[in-house]
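Every number here is computed from the coordinates shown, using simple stated rules; none is lab data. Everything numeric here is computed off the predicted structure, so don't read it as measured data. FYI the Cβ positions are ideal-geometry reconstructions off the backbone, even for glycines, and counts take in every protein chain you see.
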Amino acid sequence: MPRAYYTRRVEIRHLRCFQAVAEELSFSKAAQRLRIAQPAVSRTVKELEGNLGVTLLNRDKRSVSLTAAGGVLLQETGLLLLRLEEAVRRVRRTAAGEEGELRLGYIGPPTQAFLGRIVKEFRRHHPRVTVVLEERTPERVWEMVARGRLAVGLTRPVLAHRALGLPTLLLRRERLCAALPENHPLASRGELRWRDLAEEPLIVLSRREGVSLHDTMLAACRRARFTPRLAHTPSLISTVLNYVEAGAGLGVVSDGTCALGTGTPLVFRPLVPTATVDLVMVWSEENDAPPAAAFRALVREWLEQKRLWPSARLA
């Protein structure tokens, strides 16, 4: 009979019964260990031998002993059942969000104040979950979440976000502020009006890389009745600050960027009337693995406890 036939007929109950008898070398003791009737143990072992087409145990009225084939099967059964138990544990840990992979997309500066801290705490509670961090543009984060390539995104709203229909959680409304060299004449003020920027060359993130911030800045300038003089529109916030430090103009950034200016001769001043850009958490309900749900729960907890950001943002 084909070998596959025998393999298909061997069940876990067969192996557990055989293991108990082989280790105890007694059908009665194996029955007590398994808490089932002795005839059922004898019948199950005999069924296993019939399915495999081999004799596993030598029996007489006084003793039970293993055949050579039985010795091999006992060793393999021990390994197989250990693997099965570990597989069951891993399945349960995965279902509870304690094992697996979390692919997390984010935009850099706005998340810098909390991302490292919250990932560290998540890993402490879920040490078996592999966390993969991917820094992307806001648009790219949304696209990768929608396609299931990222489990969670920490990003800005984008033009297509309503059309994508993904659930979001508002993390913070970040206030726009001006980044200035510390020796600039406007740096002595506690806050700046948008109109104060009318004659200044401005440096702001390119629209392609940050449509929310870019469009919010343009709208605020329109309300202040001037057209901004855009000197540079780089693709990285760090480059915006480098331009400002080099004296190429004033930067318009969110207050979440202030930490990047620490240790540089820059100051940040809030702009009035207040204009804000949102930072949100986005995910897909269609690709919602347990580690992602666990991470979202931790973010919600930190949000409620006001642990995401330090209290002071502008300096």
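Descriptive notes on the structure:
- Angle in degrees between helix 38-52 and the longest Cα principal axis of the chain, rounded to the nearest 10: 80
- Region 36-81 - convex hull of the alpha-carbon atoms, volume per residue in Å³: 91
- Rounded to 5, the percent of DSSP beta bridges in the chain classed as antiparallel: 55
- Dipole size of region 3-95 about its Cα centre, with +1 on Lys/Arg Cβ and -1 on Asp/Glu Cβ: approximately 320 debye, rounded to the nearest 20.
- Net charge dipole size for the chain [Lys, Arg +1 and Asp, Glu -1 on Cβ; Debye, nearest 20]: 920
- Coil-residue trypsin sites (Lys or Arg not before Pro) of region 50-128, DSSP, other Cβ within 10 Å capped at 14: Lys61, Arg62
- The Cα trace of region 173-277 gives Rg and Dmax of 12.0, 35 Å, the first to one decimal, the second as a whole number.
- Highest GNM mean-square fluctuation among Ile118, Ile237, Ile36, for the chain modelled with Cα contacts below 10 Å: Ile36.
- For region 161-245, the set of trypsin sites (Lys or Arg not before Pro) satisfying both a DSSP loop assignment and a count of at most 16 other C-beta atoms within 10 Å is given as Arg189, Arg207, Arg208, Arg225.
- Along principal axes, Cα extents of region 58-187, largest first, whole Å: 103, 38, 19
- Lysines whose Cα lies under 24 Å from that of Lys306, excluding same-chain neighbours fewer than 8 positions away: Lys120
- Matching label, Cα extents along the principal axes in Å computed from the structure shown, candidates [x] 105, 34, 31; [y] 55, 45, 37; [z] 119, 39, 29: [x]
- Note on Lys61 and Thr168: the model spin-label points, each 7 Å out from Cα along the C-beta direction, lie 8.5 nm apart.
- For region 282-296, Karplus couplings with θ = phi - 60° (6.51, -1.76, 1.60), whole Hz, Gly/Pro x: 10, 8, 10, 6, 7, 10, 9, 7, x, x, 5, 5, 5, 5, 4
- Cut-off under 5 Å, modelled amide H: who pairs with Val131 long-range: Leu102
- For region 173-277, the Cβ-based charge dipole about the Cα centre amounts to some 420 debye (Lys, Arg positive; Asp, Glu negative; other atoms uncharged).
- Those lysines that a straight Cα-Cα span of less than 22 Å connects to Lys46, excepting residues fewer than 8 apart in one chain: Lys29, Lys61
- Pairwise Cα distances in region 3-95 exceed 24 Å in 23 percent of cases.
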